[in-house]
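Below is one structure, written out as structure tokens, with a few remarks after it.
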Amino acid sequence: MEPRPRHIIIIGGGVIGCTTAYYLTRHPSFNPLIHHITLLEATSIAAAASGKAGGLLGLWAYPECIVPLSYRLHSELAAEHGGAERWGYRRLDCGQISAVVRKADLDSTSTPRKAKSATPTKQDNNGVLPVAQKESNGHNGQEEQHDGQEWQKLVKQDKKATALLQKSKLPPGLDWINGNLVQEYAEMGQPGFTETAQVHPFQFTQAMAALARDAGTDIRIGAKVTRIGLNQAETAVTSISYLDRASNETQTVLGVTDVVVAAGPWTGRVLPRTRVEGLRAHSVVFSAHVSPYAVFTNISLPSDWVPAHRAARGQRRRHRGNVDPEIYARPGGEVYACGEPDRAMPLPDTADAVRTDEAQCDDMVSYIATVSPVLAAAPVAAKQACYLPQHEGGPLVGATSVAGLWVASGHTCWGIQNGPGTGKLVSEFIFDGAACSADVSELDPRKFGV
């Protein structure tokens, strides 16, 4: 397509918004003399899920139409920009275990550790509880009523891959899981599609933002979008309005040709007809040097077992006999762990208002301690929460019924993995008029009435 003047607005400073800005500035048709790119972020870059995700990359991830492209782009980005040093890009092994923990196996290691005196993670607010803080009970009346609620289950891989679980010893290098408790082990994915890598999501997103800024993107933080302006016929975008949270004044940008809504779980607030909603997810970060493995668990616990931190408060058990935290070793002496999301608290207005339920983090720490003596003894560096963007039909990537209005959201737990692919495809939609690098027609927002 013949280049024409454009003013492109990207809503959201998470991994999708930042990789979109990056690939727009790398597109062959991009001309800084006639193309202006503005990224609007309500809090700060990677303040929400993009800063608190696990950062796992896998050829076995979901959805299949975008995974191979995005996995390859991660490798290319790391090679071009020093990703190993800059954002912890590396290959690692990934497996799934089934473990049975009996009463006799439980001991004091299931009790959450005392706080460290400092928190080495990159972010210290926006849903993060630095563990040097005074411990709270982690619950108010509203959250307590959800105590028996099941975790929400997210798609990680297909049923064929899950069926590959078989009785097997742990790999020799996976020495931080108690092999005596493991009944089954399998490499994650299907034969030929087991390759796994990782990035540190906060560092990766920050790097993408910096590279996009260096190439000319105007990044405005503290800019909470309040309105997408349309022409009189409501067939095309024309402007964007946002609240400057520093001055508390509303700003309006005119002459807008394109708006990319990449606001993660807030996409449904900015553009309600997308029906993208947020699921709260908790995670913890341990300070520990362990071998490079990512482990998906299915841990069977005694049905009447109550973690020590809950028993001390007279609370009932939260688990239903089986729990499945995920544990990812990271470079630099970190181990990240997360559980499944919950709906106990509604999505707040901005990422800096996310509330962390410390008791849920302590639950995870207790569950993991039952199968990992190494992590049972490791200090907890951070307890945090974020909201994952979920859309019932899978991610939305592409055009809407309004000219110049694009959506790139709803990636749930695979936003980091699929960020580069999404960003590149959006750049092609805008500058080429169609996706060239992958067929993502199944993700077309218009199929879902957007």
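The values are calculated or read from the model by the stated rules, or taken from the named source; none is laboratory data. Keep in mind that this is a model prediction, so the values were computed, not measured. Methodologically, a virtual Cβ is constructed for each residue, glycine included, from the backbone with ideal geometry; neighbour enumeration extends over all protein chains shown.
Evaluating F286 against the criteria (1) in contact with a helix residue (DSSP H, G or I) (Cβ under 7 Å, 6 or more places away or on another chain); (2) in the same structural domain as F431 (by TED's automatic domain parsing); (3) in contact (Cβ under 8 Å) with a residue 12 or more places away in the chain leaves one unmet condition, (2). Pairs, please: C-beta under 6 Å, at least 6 apart or cross-chain, first residue of a type in the set (D, E, K, R) and in segment 244-257, second in a loop (DSSP other than H, G, I, E, B)? Taking only residues 6 or more apart or on different chains, the pairs are R245/G222.
When you look at S247, is it assigned by TED's automatic domain parsing to the domain that holds T412 and within 26 Å of Y22 (Cβ to Cβ), yes or no? Lay out the reasoning, then the answer.
Working: assigned by TED's automatic domain parsing to the domain that holds T412: yes; within 26 Å of Y22 (Cβ to Cβ): no.
Against the criterion (assigned by TED's automatic domain parsing to the domain that holds T412 and within 26 Å of Y22 (Cβ to Cβ)), S247 does not qualify.
Looking at segment 407-415, is at least one residue buried (at least 24 other Cβ atoms within 10 Å of the Cβ) and either over 17 Å from the mean Cα position of the chain (by Cα) or acidic (D, E) (or both)? Taking every residue of segment 407-415 in turn, at least one turns out to be buried (at least 24 other Cβ atoms within 10 Å of the Cβ) and either over 17 Å from the mean Cα position of the chain (by Cα) or acidic (D, E) (or both). Within the set A369, A378, A329, A359, the sole residue that is more than 30 Å from R90 (Cβ to Cβ), touching a residue at least 24 places away in the same chain (Cβ under 8 Å) and of a type in the set (A, V, I, L, M, F, W, C) turns out to be A359.
In segment 91-107, the residue that is modelled with the lowest pLDDT out of those that are surrounded by 17 or more Cβ atoms within 10 Å (Cβ to Cβ) and among the charged types (D, E, K, R) is D105. Report yes if S291 is more than 30 Å from I45 (Cβ to Cβ), outside the structural domain of L230 (by TED's automatic domain parsing), outside any strand (DSSP E or B) and touching a strand residue (DSSP E or B) at 6+ places or on another chain (Cβ under 7 Å), otherwise no. Taking the combined requirement at face value, the residue satisfies it.
Here the strands (runs of 3 or more DSSP E) wholly within segment 302-421 that include at least 2 residues being touching a His at 6+ places or on another chain (Cβ under 7 Å) are 380-390.
Exactly one residue out of R355, R280, R310 is among the basic types (K, R), out of contact with any strand residue (DSSP E or B) (no Cβ under 8 Å at 6 or more places or on another chain) and more than 25 Å from D175 (Cβ to Cβ), and it is R310.
Given the conditions (1) under 30 Å from D342 (Cα atoms); (2) of a type outside the set (G, A, S); (3) surrounded by fewer than 16 Cβ atoms within 10 Å (Cβ to Cβ), which single one is not true for Q251? Exception for Q251: condition (1). Residue check: G229 meets all listed conditions (1) at pLDDT 95 or above; (2) assigned to a loop (DSSP other than H, G, I, E, B) but one, namely (2).
Does segment 202-217 include one or more residues that are under 22 Å from the mean Cα position of the chain (by Cα) and farther than 22 Å from S427 by Cβ? Within segment 202-217, one or more residues are under 22 Å from the mean Cα position of the chain (by Cα) and farther than 22 Å from S427 by Cβ.
The one condition from (1) at pLDDT 95 or above; (2) more than 26 Å from T43 (Cβ to Cβ) that A408 does not meet is (2).
Kindly evaluate G189 against the criterion of being part of a loop (DSSP other than H, G, I, E, B), at pLDDT below 95, on the phi > 0 side of the Ramachandran plot and of a type outside the set (K, R). Full working, then the answer.
Working: part of a loop (DSSP other than H, G, I, E, B): yes; at pLDDT below 95: yes; on the phi > 0 side of the Ramachandran plot: yes; of a type outside the set (K, R): yes.
Against the criterion (part of a loop (DSSP other than H, G, I, E, B), at pLDDT below 95, on the phi > 0 side of the Ramachandran plot and of a type outside the set (K, R)), G189 qualifies.
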